[in-house]
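Colleague: Take this structure, written in structure tokens, and hold onto it; I'll ask about it next.
The values are calculated or read from the model by the stated rules, or taken from the named source; none is laboratory data. Since the structure is predicted, the reported quantities are computational estimates derived from the model, not experimental observations. No Cβ is skipped: glycine too gets one built from the backbone with ideal geometry, and neighbour counts run over all protein chains shown. Only protein heavy atoms, including side chains, enter the accessible area calculation; ligands, DNA and RNA are left aside. Shrake-Rupley method; radii C 1.70, N 1.55, O 1.52, S 1.80 Å.
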Amino acid sequence: MADEQTFIAIKPDGVQRGLIGPIISRFENRGFKLVAMKLTSPGQELLEKHYADLATKPFFKGLVSYMLSGPICAMVWEGKDVVKTGRVILGATNPRDSAPGTIRGDYAIDVGRNVCHGSDAVESAKKEIALWFQPSELNIYKQASAAWVYE
Ligand code: GDP
Ligand code: MG
């Protein structure tokens, strides 16, 4: 469906390293539609909810403090198969395994500083969008290029 949405975030390392522009460009250039975006510094509670499925992992505490270490650029992107394609654009979780041409494959080395986040399924995308954004922050508009991007 062309109205599928995903939650993409540029983590504090990506923001500090000046990668907001290049990362947004990859989604824009692909043809996806930006629905929401904010530079935000959420508290521990939101971040623990965001990563709730990883709460038992040994790296959980470090992961939350990494995410608390600076502002995050939170975004919602929309388009056909955007959840799956978004994950491909990001690259493998561990940059060691990320192909060149992906964000992590081009900009990261350590799994604990892998620059970006992307929802892993349509259902988790819905949960994450609801956690990070108010419904009124999601912009409803027609993408002018849609007729040139979709058959
Ligand atoms: P993602 O969906 O590709 O971001 O990967 P996960 O949901 O499995 O993990 C969430 C985030 O936790 C990753 O993006 C990494 O930043 C971090 N992470 C995952 N595995 C490890 C690990 O083994 N060590 C450390 N330090 N961080 C990890
Ligand atoms: Mg994940």
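Colleague: Going by what's in this entry, would PRO95 be described as closer than 28 Å to GLN143 by Cβ, in contact with a helix residue (DSSP H, G or I) (Cβ under 6 Å, 6 or more places away or on another chain) and open to solvent by less than 60 Å² (accessible area, probe 1.4 Å)?
Modeller: no
Colleague: Of these, VAL111, VAL115, which one is at positive phi and within 14 Å of ligand 2 (Cβ to nearest atom)?
Modeller: VAL115
Colleague: Let me ask another. Report, by residue number, each residue of region 6-23 that is under 10 Å from the mean Cα position of the chain (by Cα) and open to solvent by 20 Å² or more (accessible area, probe 1.4 Å).
Modeller: None; the set is empty.
Colleague: Right, here's the next one. Could we say that LEU47 is closer than 15 Å to PRO12 by Cα, surrounded by 14 or more Cβ atoms within 10 Å (Cβ to Cβ) and of a type in the set (A, V, I, L, M) here?
Modeller: Considered against the rule, which asks whether it is closer than 15 Å to PRO12 by Cα, surrounded by 14 or more Cβ atoms within 10 Å (Cβ to Cβ) and of a type in the set (A, V, I, L, M), LEU47 comes out as yes.
Colleague: Please enumerate the residues belonging to region 84-104 that are assigned to a helix (DSSP H, G or I), more than 20 Å from GLY21 (Cα to Cα) and either under 12 Å from the mean Cα position of the chain (by Cα) or free of Cβ contacts under 8 Å to residues at least 12 places away in the same chain (or both).
Modeller: Of everything in region 84-104, those that are assigned to a helix (DSSP H, G or I), more than 20 Å from GLY21 (Cα to Cα) and either under 12 Å from the mean Cα position of the chain (by Cα) or free of Cβ contacts under 8 Å to residues at least 12 places away in the same chain (or both) turn out to be LYS84, ASP97.
Colleague: Residue under question is ALA36, and the condition is that it be more than 16 Å from ligand 1 (Cβ to nearest atom) and within 30 Å of SER145 (Cβ to Cβ); does it hold?
Modeller: Here the answer is yes, as ALA36 does meet what is asked.
Colleague: Right, something else. How about region 124-137: which of its residues are under 15 Å from the mean Cα position of the chain (by Cα) and open to solvent by 40 Å² or more (accessible area, probe 1.4 Å)?
Modeller: Those that are under 15 Å from the mean Cα position of the chain (by Cα) and open to solvent by 40 Å² or more (accessible area, probe 1.4 Å): LYS126, LYS127, ALA130, LEU131.
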